[in-house]
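Undergrad: Structure incoming, see below.
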Number of protein chains: 2
Amino acid sequence: MRITKTVGQYMFGAGTIGALGDVLQEPKKNGATGVVYFVDHFFNGSDLLDRLPVGADDHVIFVDTTDEPTTDGVDAYVDQVKQQMDGNVAAVVGVGGGATLDTSKAVSNLLNNPGKAADYQGWDLLPNPGVFKVGIPTLSGTGAEGSRTSVMMNQEKNLKLGMNSDYTVFDRLVLDPDLTASVPRDQYFYTGMDTYIHCIESLAGSYKHAMADAYSHQALSLCRDVFLSDDMQSQENREKLMIASYMGGSAIGNSFVGVVHPFSAGLSMVFHTHHCVGNCIVMNAMDDFYATEVKEFRQMMERQDIPLPENVCGNLTNAQWQDLYDSTVVHEKPLINALGDDFKSILTPDRVREIFARM
Amino acid sequence: MRITKTVGQYMFGAGTIGALGDVLQEPKKNGATGVVYFVDHFFNGSDLLDRLPVGADDHVIFVDTTDEPTTDGVDAYVDQVKQQMDGNVAAVVGVGGGATLDTSKAVSNLLNNPGKAADYQGWDLLPNPGVFKVGIPTLSGTGAEGSRTSVMMNQEKNLKLGMNSDYTVFDRLVLDPDLTASVPRDQYFYTGMDTYIHCIESLAGSYKHAMADAYSHQALSLCRDVFLSDDMQSQENREKLMIASYMGGSAIGNSFVGVVHPFSAGLSMVFHTHHCVGNCIVMNAMDDFYATEVKEFRQMMERQDIPLPENVCGNLTNAQWQDLYDSTVVHEKPLINALGDDFKSILTPDRVREIFARM
């Protein structure tokens, strides 16, 4: 039995970002008047800022997305918001890709819950709902806009894990495909493939079920339309990929990933590889587990003429190989989903090293 | 720009009806303690009732679904609830097919809004949210569980029209595919085809857009799995059809139907034909508008060995032909969606009569 919390309302279509001011009227009815915007630092100085209805009580915080979000980083943002806004926060708005959206979701939750981000890494640990949260994706693929998690790296515990909770689901989404028109091609591809990858992982897992499957199948169908076409970033394809990402997030909120994401998390922990390019690097070495899908993935890469970093694990120390192994096999839920309870007999240290060495 | 309100939470899976008691704890936190259950009269005396957590403050009302819901009927239910429960209504629970779900949604809204059901037939006319509402479909296909409408016949105005509002969306859904195991085969088929039909109408319309299309495509894919298989009512197929119905409801909440539904509404108004069998009767006469889909529809009927009422418009008076015409072409939005602003030049009285005569 699964209870699935969905995004309460979404707006979809070119130009919908213009309606954000209206969306924010609702949470302001409860007394607080300030809005904190978490905006990907990529947009610092861009004209996207002029399109946000930033008022006198509001604050804009640029999220440095050079590295993946960390629990310490999220805690620092929470402190900053508390200091600058003194409790007057009606809404948290995230404008960016998965890293920025996840940051905004985690901060929203921590403004209404005691303690630190690391206290809530896991499943259903938050006692209180967060501040009203609005997601505005400027990249499509991670599914962060539709999911019930906020993934953060916890350096102390050498762990990449999400704050999984119904309270992590956005209250409102503004899905404006105009915002993904200027994304660099490589990043557009890598991020979009996150949807493709978590959907094929979900469909191949033992925890699969009909609802997650339906969302996964449709998200994959849209990914195929986009990445096997001549112009993956046409308006029609940007619309499709934005929907695929949202549906992929809905699918994965209902099931689990598989072998790719744990290996990718290993790359993130040891080399600070970004999630989406990390997934693609791993996917390209997954012939043993997802043979058909790896072929299709390579076909898409070729069709879009996208390069992939190579030899990413050259010349590692034994300690680094051990770190890679540890930060991969720690992801028990997805690995059990993909390979069964006995996954460590399949993913031995030697096998894991051999797979990483292919990347 | 579209704002789409979604069902807040859903539970999916065999046996989830057992969790209804937990679901109802939430609305009871606000003070009221009573729950009113609207249950399809088909279940009067059945053991489904034993599975509902009916308590001392609760009332069960059996909905006579012999005919489609009417505005007068809904008003009478509202009066009954007000009289029996004296304001102590924490939640309205609908247990049944589209007629019962629509009835429960409309009653929930009218308990918190002044006036009569007919006052709110149209778009976005309700000033206040309704009482917390939970939908438990026992039939799959109408999409009533996922939609923002509640369709009622208004005898006075000779009109079949919905109470379209964000407030008409269920707060919670319990999607339990066990509940559709005992549906008679014909009814299972006719109702399931409602999803197929409104999705093909939506995809063929001019108001189509990428989000509605994605839901429609996935719903259609599931319908094909179900109705082109050997056992449309296997557990796997009941799960698939339940999801198709929910997704079809989500699609149509974002777009419009086409030529089939207006003709079917005509049959409902004049002959009290039920919505779903009416759709199938009309679909079988739609070669001029949906040639490919009509072929597939017939293939599904044949595969499942489902009969269709024939010669439904034999021996009509001129007044009845006029009624049929009037109650068909009154549906301007879907007909404009399908045929353009000038739809009456295509659907002349003679053409409409000729199409009805084929049924």
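Undergrad: Which residues, taken from the stretch B:268-281, are farther than 15 Å from B:Thr191 by Cβ and touching a residue at least 60 places away in the same chain (Cβ under 8 Å)?
TA: At the first step, the residues of the stretch B:268-281 found to be farther than 15 Å from B:Thr191 by Cβ are B:269-272.
B:Met269, B:His272 - these are the residues of the stretch B:268-281 that are farther than 15 Å from B:Thr191 by Cβ and touching a residue at least 60 places away in the same chain (Cβ under 8 Å).
Undergrad: Here's another thing I want to ask about it. Scan the stretch A:207-226 residue by residue and report those that are hydrophobic (A, V, I, L, M, F, W, C), surrounded by fewer than 24 Cβ atoms within 10 Å (Cβ to Cβ) and more than 10 Å from every other protein chain (Cβ to nearest Cβ).
TA: A:Leu220, the sole residue that qualifies.
Undergrad: Additional query: Tally the residues that are assigned to a loop (DSSP other than H, G, I, E, B) and within 21 Å of B:Val257 (Cα to Cα), restricting the search to the stretch B:292-330.
TA: Count: 1.
Undergrad: Starting from the stretch A:8-30, keep only residues that are touching a residue at least 12 places away in the same chain (Cβ under 8 Å), then list their pairs with residues that are crowded, with 19+ Cβ neighbours inside 10 Å and aromatic (Phe, Trp, Tyr) whose Cβ atoms are within a distance under 7 Å, requiring at least 6 positions of separation or different chains.
TA: Hits for this filter: A:Pro27/A:Phe132.
Undergrad: When you go through A:Ala212, A:Ala219 one by one, which is the residue that is modelled with pLDDT under 95, part of a helix (DSSP H, G or I) and within 20 Å of the chain's Cα centre (by Cα)?
TA: Details: A:Ala219 fails: modelled with pLDDT under 95.
Only one candidate passes the filter, namely A:Ala212.
Undergrad: Right, A:Gln322: polar (S, T, N, Q) and farther than 25 Å from A:Asp186 by Cβ or not? It would help to see each step written out before you state the result.
TA: Details: polar (S, T, N, Q): yes; farther than 25 Å from A:Asp186 by Cβ: yes.
Judged against the criteria, A:Gln322 is a match.
Undergrad: Being of a type in the set (Asp, Glu), away from every other protein chain (no Cβ under 14 Å) and either in a helix (DSSP H, G or I) or crowded, with 16+ Cβ neighbours inside 10 Å (or both) is the requirement here; does B:Glu68 meet it? Please lay out each step first, then the result.
TA: Working: of a type in the set (Asp, Glu): yes; away from every other protein chain (no Cβ under 14 Å): yes; either in a helix (DSSP H, G or I) or crowded, with 16+ Cβ neighbours inside 10 Å (or both): yes.
So B:Glu68 passes the test.
Undergrad: Name the residues in the stretch A:331-359 that are in contact with a Lys or Arg (Cβ under 9 Å, 6 or more places away or on another chain) and not in a helix (DSSP H, G or I), would you?
TA: A:His331
Undergrad: Continuing with the same structure: What strands (runs of 3 or more DSSP E) completely inside the stretch B:1-54 contain at least 3 residues that are hydrophobic (A, V, I, L, M, F, W, C) and more than 7 Å from chain A (Cβ to nearest Cβ)? Lay out the reasoning, then the answer.
TA: On the way: elements: B:2-5, B:9-12, B:34-40.
Here the list reads B:34-40.
Undergrad: Which residue out of B:Ala99, B:Ala90 is in contact (Cβ under 8 Å) with a residue 40 or more places away in the chain, surrounded by 19 or more Cβ atoms within 10 Å (Cβ to Cβ), assigned to a helix (DSSP H, G or I) and of a type in the set (A, V, I, L, M, F, W, C)?
TA: Numbers: B:Ala90 fails: assigned to a helix (DSSP H, G or I).
Of B:Ala99, B:Ala90, the one residue that is in contact (Cβ under 8 Å) with a residue 40 or more places away in the chain, surrounded by 19 or more Cβ atoms within 10 Å (Cβ to Cβ), assigned to a helix (DSSP H, G or I) and of a type in the set (A, V, I, L, M, F, W, C) is B:Ala99.
Undergrad: For the stretch B:8-31, name all the residues that are closer than 29 Å to B:Ala76 by Cα and out of contact with any helix residue (DSSP H, G or I) (no Cβ under 9 Å at 6 or more places or on another chain). So that I can check it myself, show each step before the final result.
TA: Step one: of the stretch B:8-31, the residues closer than 29 Å to B:Ala76 by Cα are B:8, B:17, B:20-21, B:23-31.
Once the filter is applied, which keeps residues that are closer than 29 Å to B:Ala76 by Cα and out of contact with any helix residue (DSSP H, G or I) (no Cβ under 9 Å at 6 or more places or on another chain), the stretch B:8-31 yields B:Gly8, B:Gly21, B:Val23, B:Leu24, B:Gln25, B:Glu26, B:Pro27, B:Lys28, B:Lys29, B:Asn30, B:Gly31.
Undergrad: From the set of residues in the stretch A:164-206 that are in contact with a Lys or Arg (Cβ under 7 Å, 6 or more places away or on another chain) and within 12 Å of chain B (Cβ to nearest Cβ), which is farthest from A:Ser104 (Cα to Cα)?
TA: Taking the stretch A:164-206 first, the residues in contact with a Lys or Arg (Cβ under 7 Å, 6 or more places away or on another chain) are A:164-166, A:168-171, A:177, A:180-181, A:202.
Imposing the further condition that a residue be within 12 Å of chain B (Cβ to nearest Cβ) reduces the set to A:166, A:169-171, A:177.
Values: A:Asp166: 15, A:Val169: 11, A:Phe170: 10, A:Asp171: 12, A:Pro177: 20 Å.
Per the stated criteria, the residue is A:Pro177.
The values are calculated or read from the model by the stated rules, or taken from the named source; none is laboratory data. Only a predicted model underlies this, so the values are computations on that prediction, with no experimental measurement involved. Ideal geometry is used to build each Cβ from the backbone, glycine not excepted, and the neighbour counts take in all protein chains shown.
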